[in-house]
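Asks: My questions all concern the structure below.
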Amino acid sequence: MYTAIGYAAQSATTPLAPMSFQRRSPRPDDVAIEILYCGVCHSDIHQARNEWGIAVYPLMPGHEIVGKVTAIGANVSKHKVGDLVGVGCMVDSCRHCEACAADLEQYCLQGPTMTYATPDRVDGSNTMGGYSDSIVVSEHFVVCIPEKLDLASAAPILCAGITTYSPLKHYGVKPGDKVGILGMGGLGHMGIKFAKALGAEVTLFTRSASKAEEARRQGADHVVVSTDAAQMQSVAGHFNFLLDTIPVPHDLNPYLDTLRFDGVHILVGLIEPVDPALHAGKLVMSRRVLAGSLIGGIAETQEVLDFCAEHGITCDIEMLDIRQINEAYERMIKGDVKYRFVIDMASLKG
Ligand code: NDP
Ligand code: ZN
């Protein structure tokens with residue numbers, strides 16, 4: 001064991017504050033990592049504030065981790081000391097169920113071990129995330145950061161990137177498809193870039209008319225202001241796919257109307273009951289599909305990093321001093337970040 005430091009919430013109502021804690025010494029299959037950068041995901045806010053009802057305190061968020069390997073266990077072959085590596089939302093899974101065998105560890109039938117606020121499979125300790133100076137993770141759950149990528153802007157690919165890439169690939173988005181992205185925050189702005197890179201015609205749905213110009217710079221061909229009924233009506237029956245990153249319950253009915261027959265509405269932001277109720281006829285009468293998707297497997301996380309390196313895709317980031325993390329949460333809730341905060345971990349020692 002060794003002493004690590006980081007920022008954690010002690011309860012749903014207390015701000016994040018510095019905390020010392022123990023990290024394990026590397027097990028034979030472990031990689032010890034000095035964290036250089038960690039992205040700030042809206043899930044971190046949901047969890048720190050127990051908005052999903054599953055938080056375990058102290059809760060140290062952070063699952064968009066980039067760093068340098070400082071030590072390896074005796075059986076590690078995938079990484080070596082000095083390598084630049086990443087850790088996303090998961091740090092373990094059962095490794096033998098049908099989902100794990102299919103490289104879909106996120107759907108592990110026994111439940112994956114998440115990077116924070118989940119019991120470790122070996123010692124039962126509460127996992128602590130990346131708002132920290134270091135982390136120790138089994139090598140299978142550690143990916144390589146391609147040399148071409150800037151380290152800080154690569155960090156959000158570990159969650160915002162894979163979460164938007166995976167469903168677009170799974171549902172086979174192809175050139176000419178019409179894809180709508182709902183919400184332009186951390187996930188949404190990456191969704192625009194990936195849908196564009198896959199050859200789709202991309203439309204951003206946003207509450208914020210002021211984001212229109214910026215969305216076009218991100219690669220969106222069109223922008224629909226979702227609060228404007230006439231604009232919503234103008235795209236009725238238009239889309240093959242919608243990728244919905246809105247982080248709060250919202251009315252899905254007007255969005256379903258914008259899908260073609262056989263169109264697919266993919267939820268990634270919403271894990272609560274749908275409210276207001278869904279009109280099932282909007283699915284039945286046009287064979288539309290309402291779907292969901294959770295991050296992506298480890299192999300696919302490596303794939304999306306390599307895809308970003310190959311296609312020159314990066315996240316738009318705002319570098320954050322960790323001492324400003326609580327203010328950053330407030331700004332994210334207001335939609336005031338372009339488009340991902342990334343903590344410079346040097347500020348933890350500042
Ligand atoms: P951000 O806060 O960065 O972005 C969310 C965007 O949604 C905002 O920029 C805004 O876009 C829109 N939005 C925000 N509040 C509202 C509101 N009240 N009504 C309508 N639209 C709103 O969040 P992230 O991109 O980090 O995360 C988005 C969601 O995805 C979160 O719920 C997060 O927990 C979830 N998530 C899911 C994952 C999965 O595996 N399924 C993985 C990672 C995150 P605009 O101003 O353009 O309208
Ligand atoms: Zn996330």
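Asks: Only sites in a loop by DSSP and with at most 11 other Cβ atoms within 10 Å count here; which GluC sites (Glu not before Pro) in region 88-181 make the cut?
Replies: Values: sites: E98, E105, E139, E147; in loops: E147.
Listed in order of number, the matching sites are E147.
Asks: Anything over 22 Å Cα to Cα? Flag those among K211/K334; K148/K178; K78/K349; K169/K282; K68/K169; K169/K196, in the order listed.
Replies: Numbers: K211/K334 13 Å; K148/K178 30 Å; K78/K349 30 Å; K169/K282 25 Å; K68/K169 29 Å; K169/K196 12 Å.
Checking Cα-Cα distances, K148/K178; K78/K349; K169/K282; K68/K169 exceed 22 Å.
Asks: A further question on this structure: For K174, go through the aspartates and glutamates and keep the ones whose alpha-carbon is under 12 Å away, minus same-chain ones fewer than eight residues off.
Replies: Within the straight-line cut-off, K174 pairs with E201.
Asks: With all distinct Cα pairs included, what does the Kirkwood hydrodynamic radius of region 256-305 come out to in Å, to one decimal, could you say? The partial results should precede the final answer.
Replies: Values: mean 1/r = 0.0784 Å⁻¹.
That comes to 12.7 Å for region 256-305.
Asks: Still on this model: Below 8 Å between Cα atoms, with a sequence gap of 6+, how large is the relative contact order for the chain in percent? Intermediate values should be presented prior to the final figure.
Replies: Working: 817 pairs, mean separation 60.6, N = 350.
Relative contact order, the chain: 17 percent.
Asks: Okay, next question. How about region 173-271: which trypsin sites (Lys or Arg not before Pro) there are in a DSSP loop, with at most 16 other Cβ atoms within 10 Å of their Cβ? Walk me through the intermediate numbers first.
Replies: Working: sites: K178, K193, K196, R207, K211, R216, R217, R260; in loops: R207.
In loop regions of region 173-271 (DSSP not H, G, I, E or B), the sparsely surrounded trypsin sites (Lys or Arg not before Pro) are R207.
Asks: Please figure out what share of the DSSP beta bridges in the chain is antiparallel and state it in percent, rounded to the nearest 5.
Replies: 55 percent
Asks: Before anything else, pin down the relative contact order of region 65-223: Cα pairs under 8 Å, at least 6 apart, normalised by residue count, whole percent. Please list the in-between numbers first.
Replies: Numbers: 245 pairs, mean separation 25.3, N = 159.
Here the relative contact order equals 16 percent.
Asks: With θ set to phi - 60°, apply the Karplus curve 6.51 cos²θ - 1.76 cosθ + 1.60 along region 126-141 and write out the HN-Hα couplings as whole Hz, x wherever there is a Gly or Pro.
Replies: 6, 5, 10, x, x, 7, 8, 7, 7, 7, 10, 9, 4, 4, 4, 9
Asks: Another question about this same structure. Can you give me the Kirkwood hydrodynamic radius for region 162-292, using every pair of distinct Cα atoms, in Å to one decimal?
Replies: Hydrodynamic radius (Kirkwood, Cα only) of region 162-292 equals 14.3 Å.
Asks: OK, next. Can you send over the solvent-accessible area of F241, 1.4 Å probe, protein chains only, in Å² to the nearest 10?
Replies: Roughly 20 Å² of F241 is accessible to a 1.4 Å probe.
Asks: From the phi angles alone, apply the Karplus equation (6.51, -1.76, 1.60; θ = phi - 60°) to region 77-88 and give each ³J(HN,Hα) in whole Hz, x where the residue is Gly or Pro.
Replies: Values, residue by residue: 10, 7, 9, 9, 4, x, 5, 8, 9, x, 9, x Hz.
Asks: Then there is this: What number, in percent, do you get for the relative contact order of region 231-328 if the mean sequence gap of Cα pairs under 8 Å and at least 6 apart is divided by its residue count?
Replies: Values: 118 pairs, mean separation 22.7, N = 98.
Contact order relative to length: 23 percent.
Asks: Still on this structure, I have one more. In the chain, if the dipole is taken from +1 on Lys/Arg beta carbons and -1 on Asp/Glu beta carbons about the Cα centre, which of V223, Y116, L59 is farthest to the positive end?
Replies: V223
Asks: A further question follows. Quick one: the Cα spread of the chain along its three principal axes, in angstroms, biggest first?
Replies: Computed over the chain, the largest-to-smallest principal extents equal 59, 40, 37 Å.
Asks: Ok, one more. If amide hydrogens are placed 1.01 Å from N in the peptide plane, which non-local residues have theirs closer than 5 Å to the one on T113?
Replies: Under 5 Å from the amide H of T113 lie the amide H atoms of V91, D92, S93, each far enough along the sequence or on another chain.
Asks: Further question: Note down the nm distance, to one decimal, between modelled labels 7 Å out along Cα→Cβ at I271 and at A230.
Replies: Going from the I271 label point to the A230 one covers 4.0 nm.
The values are calculated or read from the model by the stated rules, or taken from the named source; none is laboratory data. Keep in mind that this is a model prediction, so the values were computed, not measured. Note that each Cβ is placed from the backbone with ideal geometry, even for glycine, and that neighbours are counted across all protein chains shown. Side chains included, ligands, DNA and RNA excluded: accessible areas come from the protein's heavy atoms. Shrake-Rupley method; radii C 1.70, N 1.55, O 1.52, S 1.80 Å.
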